Amino acid sequence: MPAKEDKMKTNERLSLFEAAKELKTTHLKVLMLLKQNALTGAMTDDEWYVDRSSLDCFLEHGADLQAPGGCRTSCNAKSCSCGG
């Protein structure tokens, strides 16, 4: 069973601007990545939020994802929460 910290990290969401800062890009690029399913997130109260686990996976693998919105099944990166 995942530790409480891991569970919190998995459920965490970041604003578009926070995600853009971590990706060193613009909020518009983050919106594009959400539309392309390269990142997962949700709109809440007219604001988009990016799932922390999705952002961590994207930071680890970048555009090298084999499945939209998910890590490769062969992923073994400790910082990635994909479970692959």
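Reported count of residues in region 36-50, each being over 13 Å from the mean Cα position of the chain (by Cα) and either farther than 14 Å from GLU18 by Cα or not in a strand (DSSP E or B) (or both), is 4. Go through region 19-40 and count every residue that is more than 17 Å from GLU60 (Cβ to Cβ), in contact with a helix residue (DSSP H, G or I) (Cβ under 6 Å, 6 or more places away or on another chain) and either in contact (Cβ under 8 Å) with a residue 12 or more places away in the chain or of a type in the set (Ser, Thr, Tyr) (or both). Number satisfying all stated conditions: 1.
Coordinate-derived values only; no laboratory data. This structure is a prediction, so every number in the text was calculated from the model and none was measured. Cβ coordinates were reconstructed from backbone atoms using ideal geometry, including for glycine residues, and neighbour counts include every protein chain displayed.
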